[in-house]
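A.B. asks: What follows is a structure written as structure tokens; I'll ask about it next.
The values are calculated or read from the model by the stated rules, or taken from the named source; none is laboratory data. These numbers were taken from a predicted model, which means no experiment stands behind them. Positions of Cβ are generated from backbone atoms using ideal geometry, with glycine treated the same way; all protein chains shown enter the neighbour counts.
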């Protein structure tokens, strides 16, 4: 299913090929997020044209709307949304905890340095009602309230797997508990051990239901070295080799600055021949460290979410198109960018200029979100593709140095 | 510039070819509205893929945002918005009066049977501030307040033409006064005569500025036969033949039920060798009568505006996709429709099902507007294209009978 093509000389980085039921993914690869069975503001063709290879949808959202049975009746997530390539769903755990965690005592929201913040999937949600304390965790599973209408629902590992089988993505994830990065050692350990028991139950249910989907287990353990290593060993050794997980997710929570260290602890222990997905990471600079430390897949809503606010990626950093200076700037978002939005036309000149995009944003036009999302998704997908090419050609370090020299964050 | 290819045996209908600076328009043709230099929710390629041949933008809106100078610096409306085909702008008069007319004594809004209502461009505007009485008409022009911020602006015929030259569409319109269909005979006459003087001034300014754009004069006269005929004769005879208008618009106001009669009065007098654009009409059934009575071009925001509310066109009528019954309906919007949204995939089944669209609308996803707009624009553009083919093949009457038999309005 996964084949390493080339390893970096230093570190854990590698280029590989991941086979799925709907085609291969050349790794490292950025996984485009299609939260509610649509990459926001883009048609499937527009997604494909960015170079994106795989779309990840959210189990929690699809369970609530339209319901997993509808997706199943529609032929599964790919057919339902018109995406013919590889698909993934997360387990629902992240949303259950992040959308439901507010106000509970055990799971303290931690706004400043959390991976949770770097995983802005929850921001896509725009809750329509105030969220009340509502997540109750027990050994068997989690009871939570819908962010939409406050109705009560329950996920167990078995239910998560059942829903994900109905949704029918090529790659699915074991049900896990997402903790806060500020949680105590004791709580992280308790939660991790529960996640391990849930992983076993997820795997058992997956085998019981049968079928060709791949199941990834999720390594947790917060920022603690012994817990991360224990979790990695557990996941690696669950029913190996043929009966175990087909790959691994690496979940928050750890502080952003600890991320690469934590990722290295984990990837040094995970089996080399299986793919590793770092969940919810999408900052351009962060991705280099994650790739060097052996991650193959990444997903994040940031490219599309930021696009919809007019925040556009370039190799020099992100800028906001609504700043006054762009009103009469007739150059593309980034000269040399070959996305649909930027690509010059045959007769010369930018295809869509900053001035035009500024106008669309100022006029609240839907096309603003579409053109900006195309650019940002292209940027991040293409950046990870370049990392892959850098690994294959031995030029990864130069690529990294160049981007770190030019990229100045928000400019 | 315009050539009649074939006339219908009965009535005034004809098929023709209109040459513009950016390609030819096969008429009759539905003109897609791109109010603020974008057909809402669609990329230029998506517009083209519907079969749309020409896009009409609104002078009033582009004057306010981003300003005509920005559009001019961006290479003109077509290049600015990335549309390589023919373009039009209206004169700004319609929006000046419809967005500014509320509360004035002379120009009473008439909600029930007006063409103004059938021209929902004003509904696209979503005024951000309460509109105060604000349109002042004098012989020289119109002073009005911006719907955006209440600032005061002034259009004269010369200014409208100057702005339209800067925006740079292939076909532009003379500045006119849009009256209410309930206006008295005396007021309609007074306004029409002023519109005639403005038409002369528009034409003079157009000649003075020079350049290759085509200018259409607008026939007014409300629901009164003598006024409509007087207006048609005036417009037809203004500096003919080479120095006159390149074509004609037929403006509201008249009651919807009088429309075809009024159109016939006008088109019997307008020169056969020049194109006629019925402004703001887009109801599928209305279009048949307009074509039979000699109109070549039509524009209306209804297809896109209705699409964004989930109201979708079929040959049986319009239905709303948010109705419960569509949640698990895995058929396309209309079987046999060949738009991007409906066209079956090679492996069979609908491309995007009603169930998927229902999900997107219920989830407030941007893609809902895109897929629905593609379908509706395709529907109406293709319907008028079929009318053209019907004229050429002598099967127009059968097409009309079939649609009148099946189309049940809102279903």
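A.B. asks: Determine whether residue B:47 is touching a strand residue (DSSP E or B) at 6+ places or on another chain (Cβ under 9 Å) and in contact (Cβ under 8 Å) with a residue 60 or more places away in the chain. Steps first, please.
C.D. replies: Working: touching a strand residue (DSSP E or B) at 6+ places or on another chain (Cβ under 9 Å): yes; in contact (Cβ under 8 Å) with a residue 60 or more places away in the chain: yes.
Yes, satisfied.
A.B. asks: Here's a follow-up. Given the structure, is residue B:195 surrounded by fewer than 21 Cβ atoms within 10 Å (Cβ to Cβ) and in contact with a strand residue (DSSP E or B) (Cβ under 9 Å, 6 or more places away or on another chain)?
C.D. replies: In short, no.
A.B. asks: Which one is nearest to the other protein chains (Cβ to nearest Cβ), of the residues in segment A:300-316 that are surrounded by fewer than 24 Cβ atoms within 10 Å (Cβ to Cβ) and in a strand (DSSP E or B)?
C.D. replies: By that ranking, first place goes to A:311.
A.B. asks: Evaluate the following for residue A:393: is it in contact with a helix residue (DSSP H, G or I) (Cβ under 7 Å, 6 or more places away or on another chain) and outside the structural domain of residue A:286 (by TED's automatic domain parsing)?
C.D. replies: Here the answer is no, as residue A:393 does not meet what is asked.
A.B. asks: While we're here: Going residue by residue through segment B:279-294, is there one that turns out to be within 14 Å of another protein chain (Cβ to nearest Cβ), outside any helix (DSSP H, G or I) and crowded, with 17+ Cβ neighbours inside 10 Å?
C.D. replies: no
A.B. asks: Got a number for residues in segment B:200-223 being within 15 Å of residue B:89 (Cα to Cα) and either touching a strand residue (DSSP E or B) at 6+ places or on another chain (Cβ under 6 Å) or not assigned by TED's automatic domain parsing to the domain that holds residue B:171 (or both)?
C.D. replies: 7
A.B. asks: What's the total number of residues in segment A:359-377 that are in contact with a helix residue (DSSP H, G or I) (Cβ under 8 Å, 6 or more places away or on another chain) and more than 7 Å from chain B (Cβ to nearest Cβ)?
C.D. replies: The number of residues fulfilling the criteria is 9.
A.B. asks: Can you report the number of residues in segment A:29-56 which are part of a helix (DSSP H, G or I) and within 21 Å of residue B:355 (Cβ to Cβ)?
C.D. replies: Of the residues in that region, 3 qualify.
A.B. asks: A follow-up question, please. Among A:352, A:319, which is the only one that is over 30 Å from residue A:394 (Cα atoms), outside any helix (DSSP H, G or I) and more than 12 Å from chain B (Cβ to nearest Cβ)?
C.D. replies: A:319
A.B. asks: Evaluate the following for residue B:360: is it modelled with pLDDT of 95 or more, closer than 18 Å to residue A:38 by Cβ and under 23 Å from the mean Cα position of the chain (by Cα)?
C.D. replies: Answer is no for this residue.
A.B. asks: Still on this structure, I have one more. Output the number of residues of segment B:224-240 satisfying the condition of being touching a strand residue (DSSP E or B) at 6+ places or on another chain (Cβ under 7 Å) and either surrounded by fewer than 21 Cβ atoms within 10 Å (Cβ to Cβ) or not assigned by TED's automatic domain parsing to the domain that holds residue B:158 (or both).
C.D. replies: Looking only at that region, the number is 1.
A.B. asks: Here is a follow-up. Restrict the check to segment A:60-83 and report whether at least one residue is more than 14 Å from residue B:327 (Cα to Cα) and more than 14 Å from chain B (Cβ to nearest Cβ).
C.D. replies: No, every residue in segment A:60-83 fails to be more than 14 Å from residue B:327 (Cα to Cα) and more than 14 Å from chain B (Cβ to nearest Cβ).
A.B. asks: Could you check, for segment A:357-365, whether at least one of its residues is outside the structural domain of residue A:41 (by TED's automatic domain parsing), touching a residue at least 60 places away in the same chain (Cβ under 8 Å) and buried (at least 24 other Cβ atoms within 10 Å of the Cβ)?
C.D. replies: no
A.B. asks: Tell me, please, whether a residue that is at positive phi, surrounded by fewer than 17 Cβ atoms within 10 Å (Cβ to Cβ), more than 14 Å from chain A (Cβ to nearest Cβ) and outside any helix (DSSP H, G or I) can be found in segment B:381-398.
C.D. replies: yes
A.B. asks: With the requirement that a residue be within 13 Å of chain B (Cβ to nearest Cβ) and in contact (Cβ under 8 Å) with a residue 40 or more places away in the chain, what does segment A:324-341 give you?
C.D. replies: A:339, A:340
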